[in-house]
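The values are calculated or read from the model by the stated rules, or taken from the named source; none is laboratory data. On a predicted model such as this, the values are computed, not experimentally measured, just so you know. Positions of Cβ are generated from backbone atoms using ideal geometry, with glycine treated the same way; all protein chains shown enter the neighbour counts. With ligands, DNA and RNA removed, areas are computed over all heavy atoms of the protein, side chains included. Shrake-Rupley method; radii C 1.70, N 1.55, O 1.52, S 1.80 Å.
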Amino acid sequence: MNTLSSPRPHVLMISEITADGKLTLGKGVSSKILMRHMSHEAEILLHQTRAEYDAIMVGSSTIRIDNSFLTVRMVEGKSPLRVIPNALADLPEDSNVFDTSLAKTVLAVSEAAPEARCAAFREKGVDVVTAGAEHVDYTLLMKILAEEYNVRSLILEGGPTLNRYMLNEKLVDEIRLIHMPFIVGGDDTPSLVGGMRIGSEDDMIRLKLKGTAMYGENLVTEYDVMY
């Protein structure tokens, strides 16, 4: 993993994924439904990984749909810093992730976020940082996390939009996939990376397989990202 002198944290993208590459049972459906069918061994792996990393980041849509806590629960260990990019600070203030009695939370906003909204989150004990003009600048956000919060390593448990942004900015170092033995189908069912179209095979993001393992009934594959 990166050292403190690095300009950004080492980033691991981790996700459950069906045999046909889907993250949920359908558009707007919570991923928690699919994860109920994950083996206990794979659940332990998820929480062990959280305990080993400095920070964890998910997107606004994940918070709206799943209302996640993003804490360590199944193993011993400290919960990571929770990082939520939300350009306009328009997430519900009572979302579980903003309960700072459980773990510290950083809300990353843009300059377009209304000050009243930012102040409301600060009153709840949430750290609000500005990274970008109209949208969240993820390269700048990674720099802020490294320099101001001493974050050396970050887990990306994002949905398709956040995963695309992070990959496009070449901010993902590793990918770990927990394969679910199901096919769900659906033309608009979210997949690992959304909205990213390529012009030719030269534009593909290449991965190098570095490991496989079975956790209960779930195959787990690990890759290095080769930009």
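For the stretch 159-176, a residue qualifies if it is open to solvent by 40 Å² or more (accessible area, probe 1.4 Å), part of a helix (DSSP H, G or I) and out of contact with any Gly (no Cβ under 7 Å at 6 or more places or on another chain), and the qualifying residues are Y165, N168. Taken over the stretch 208-218, the criterion of being surrounded by 15 or more Cβ atoms within 10 Å (Cβ to Cβ) and over 21 Å from Y53 (Cα atoms) is satisfied by N218 alone. The combined condition, being open to solvent by less than 50 Å² (accessible area, probe 1.4 Å), on the phi < 0 side of the Ramachandran plot and without any contact (Cβ under 8 Å) to a residue 12 or more places away in the chain, is not fulfilled by A131. Scanning the stretch 49-76 for residues being open to solvent by less than 50 Å² (accessible area, probe 1.4 Å) and either touching a Pro at 6+ places or on another chain (Cβ under 8 Å) or of a type outside the set (D, E) (or both) gives a total of 17. Scanning the stretch 92-109 for residues that are touching a strand residue (DSSP E or B) at 6+ places or on another chain (Cβ under 7 Å) and either more than 12 Å from V129 (Cβ to Cβ) or touching a residue at least 24 places away in the same chain (Cβ under 8 Å) (or both) returns V97, F98, A103, K104, T105, V106, A108, V109.
With respect to (1) touching a helix residue (DSSP H, G or I) at 6+ places or on another chain (Cβ under 7 Å); (2) without any contact (Cβ under 8 Å) to a residue 60 or more places away in the chain, the lone exception for S61 is condition (2).
One residue alone among L45, L25, L34 is over 23 Å from D137 (Cα atoms), out of contact with any Asp or Glu (no Cβ under 6 Å at 6 or more places or on another chain), in a helix (DSSP H, G or I) and at pLDDT below 95, and that residue is L34.
Somewhere in the stretch 145-158, is a residue charged (D, E, K, R), free of Cβ contacts under 8 Å to residues at least 24 places away in the same chain and in a loop (DSSP other than H, G, I, E, B)? So far as the stretch 145-158 goes, no, none of its residues is charged (D, E, K, R), free of Cβ contacts under 8 Å to residues at least 24 places away in the same chain and in a loop (DSSP other than H, G, I, E, B). Looking only at the stretch 77-122, filter to residues that are of a type in the set (G, A, S) and open to solvent by 60 Å² or more (accessible area, probe 1.4 Å); which one of those is farthest from the chain's Cα centre (by Cα)? Among residues in the stretch 77-122 that are of a type in the set (G, A, S) and open to solvent by 60 Å² or more (accessible area, probe 1.4 Å), the one farthest from the chain's Cα centre (by Cα) is A116. Between a residue in the stretch 204-227 that is free of Cβ contacts under 8 Å to residues at least 40 places away in the same chain and any residue that is surrounded by 11 or more Cβ atoms within 10 Å (Cβ to Cβ) and not in a strand (DSSP E or B), which pairs come within a Cβ distance under 6 Å, given they are 6 or more apart or on different chains? Hits for this filter: I205/L167. Scanning the stretch 7-30 for residues that are surrounded by fewer than 22 Cβ atoms within 10 Å (Cβ to Cβ), touching a residue at least 60 places away in the same chain (Cβ under 8 Å) and of a type in the set (S, T, N, Q) returns S15, T18.
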